[in-house]
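Taking it in order: structure first as structure tokens, then the write-up.
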Amino acid sequence: MENFDVLVVGGGASGYFAAITAAQTRPDCRVLLVERGPQPLSKVRISGGGRCNVTHSCFEPRALSTRYPRGARALLSAFSRFQPSDTVQWFESRGVKLKTEPDGRMFPTTDRSESIIECLEREAVASGVQVRVRCGAEELRALSGGGWEVLLSGVRGGTVQANRILIATGGWRDGTLASMLKMLGHDIIAPVPSLFTFHINDGWVRELSGLAVAKAEVGIQGITLREKGPVLFTHWGLSGPAILRLSAWGARELQERDYHFPLRVRWCGEHSEQQVLEIFQEMRLQHPGKAVTNTPLFALPSRLWERLVASAGVFGEERWNRLTKQAALGLADKLLRTELQVTGKSMHKDEFVTCGGVSLRQVDFKTMESRVCPGLHFAGEVLDLDGITGGFNFQAAWTTGWLAGQAMARGTAA
Ligand SMILES: Cc1cc2nc3c(=O)[nH]c(=O)nc-3n(C[C@H](O)[C@H](O)[C@H](O)COP(=O)(O)OP(=O)(O)OC[C@H]3O[C@@H](n4cnc5c(N)ncnc54)[C@H](O)[C@@H]3O)c2cc1C
């Protein structure tokens, strides 16, 4: 029977980071990483539209933790030990330079996720981590004298023993693993998708596909959730950072509503109703003879403006000086409170995650070790934590992987 100090189950971002950290923390630590699929790091490859949004330039743990709809409290202490500046340093000291985009997202300067994959694979080999692909962990059994016995599938499968095991199997598709972890005493919070875009059937929304509004605010009635930021029109509805953030914060409530709910959109940034009406009054004085339809305000794309003007009942060549008080109020209302009915969701192609997973109350975030099964650790998306879009999900994977790797290496020291 093969014996290892550390067995990492799952060859994603968190599993690789943990395996490398364990091997580099204690060079005599025998580490095996098993990946069920044909290729490790497959999500890293497709992440960020193939560019891999590695982390975010938010370097203050408290501010950083607020970007996690689930797991913020537990991650706060974890970020005080390994946060985005450590991620940047980790990759840069291993030859992968990162750059920051204006919205804070950080990518490799090559704009290729391959740079991250090559770095992780190189580090794993150099530090002596054994990697087996097409090799899944099928059964776990705690040994009476401590340590674990694991049944592995695949050509190089069979039974192996390890002192410590890390479960880094990502989002929840595997009912068998959930049952195994439940049998070992863990609570699994029901998984539901996070980071999705909204389906809206109104023809006019779909006709505007491709347009973007930089400063919108979106909110859901009945749930006190609001998000500000860019909104994009797509051929099925609405997307963009503000929509994705709303989907993350509302992931559970929106699933309970079967993704059918009324969405309220404010198109005119921070302006209040009073300010909008004052701007209209200025237009009356400065441009009395111009057609309302042809003079978009609030930096809105002209086709959206035309649509809002028409939906407020202002047609054709209506001039600013002829705009009635009632029509002005109607247009202000559309700018401040357009109501749209959401009728479904689509996963966002650049990033999505599941919320739900192993209950955080049962995990010690100093070591990522289970509080109910000594020697069993967790990292990454398998846990009930997830971030909004912007590099926060990988950061959670690097942080929890690093903490688990350190703890497992130290915990198996002779
Ligand atoms: C399309 C897409 C793009 C994304 N882009 C970004 C981005 O740019 N930035 C960002 O921060 N986040 C992004 N994310 C989210 C990010 O990819 C995840 O949060 C992150 O990959 C989680 O890492 P993980 O190691 O926990 O899980 P995963 O990366 O899912 O890895 C888990 C691995 O475990 C393997 N496995 C499962 N069960 C077993 C088993 N029983 N035995 C052996 N192996 C097993 C799986 O095959 C998988 O390879 C994106 C997600 C998607 C889907």
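Data for the structure
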| quantity | calculated |
| --- | --- |
| Sole residue being modelled with pLDDT under 95 and farther than 24 Å from residue 123 by Cα, chosen from 338, 324 | 324 |
| Residues of the stretch 349-361 that turn out to be crowded, with 18+ Cβ neighbours inside 10 Å and farther than 14 Å from residue 380 by Cα, as a count | 1 |
| Number of positions in the stretch 110-148 that are within 15 Å of the ligand (Cβ to nearest atom) and either of a type in the set (S, T, N, Q) or at negative phi (or both) | 23 |
| Filter result (more than 8 Å from the ligand (Cβ to nearest atom), over 18 Å from residue 349 (Cα atoms) and not in a loop (DSSP other than H, G, I, E, B)) within the stretch 29-55 | 31, 32, 33 |
| Residue match in the stretch 55-62 (condition: modelled with pLDDT under 95 and either out of contact with any Pro (no Cβ under 7 Å at 6 or more places or on another chain) or crowded, with 18+ Cβ neighbours inside 10 Å (or both)) | no |
| Matching entry among 4, 17 (being under 17 Å from residue 125 (Cβ atoms), touching a Phe, Trp or Tyr at 6+ places or on another chain (Cβ under 6 Å) and surrounded by 15 or more Cβ atoms within 10 Å (Cβ to Cβ)) | 17 |
| Cβ pairs under 6 Å, 6+ apart, first in the stretch 40-58 and outside the structural domain of residue 389 (by TED's automatic domain parsing), second within 7 Å of the ligand (Cβ to nearest atom) and in a helix (DSSP H, G or I) | none |
| Qualifying position, being of a type in the set (D, E, K, R) and surrounded by 15 or more Cβ atoms within 10 Å (Cβ to Cβ), among 206, 122, 141 | 206 |
| Those residues of the stretch 222-259 which are part of a loop (DSSP other than H, G, I, E, B) and either aromatic (Phe, Trp, Tyr) or more than 22 Å from the chain's Cα centre (by Cα) (or both), in sequence order | 222, 235, 236, 259 |
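Yes or no, residue by residue, for (1) free of Cβ contacts under 8 Å to residues at least 60 places away in the same chain; (2) under 20 Å from residue 202 (Cα atoms); (3) among the acidic types (Asp, Glu); (4) assigned to a loop (DSSP other than H, G, I, E, B):
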position: 274; (1), (2), (3), (4): yes, no, no, no
position: 297; (1), (2), (3), (4): yes, no, no, yes
position: 304; (1), (2), (3), (4): no, yes, no, no
position: 308; (1), (2), (3), (4): yes, yes, no, no
position: 331; (1), (2), (3), (4): yes, yes, no, no
position: 344; (1), (2), (3), (4): no, yes, no, no
position: 357; (1), (2), (3), (4): no, no, no, no
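The values are calculated or read from the model by the stated rules, or taken from the named source; none is laboratory data. Since this is a predicted model, take the numbers as computed values, not measurements. Heads up, the Cβs are rebuilt from the backbone with ideal geometry, glycines too, and the neighbour counts pull from every protein chain shown.
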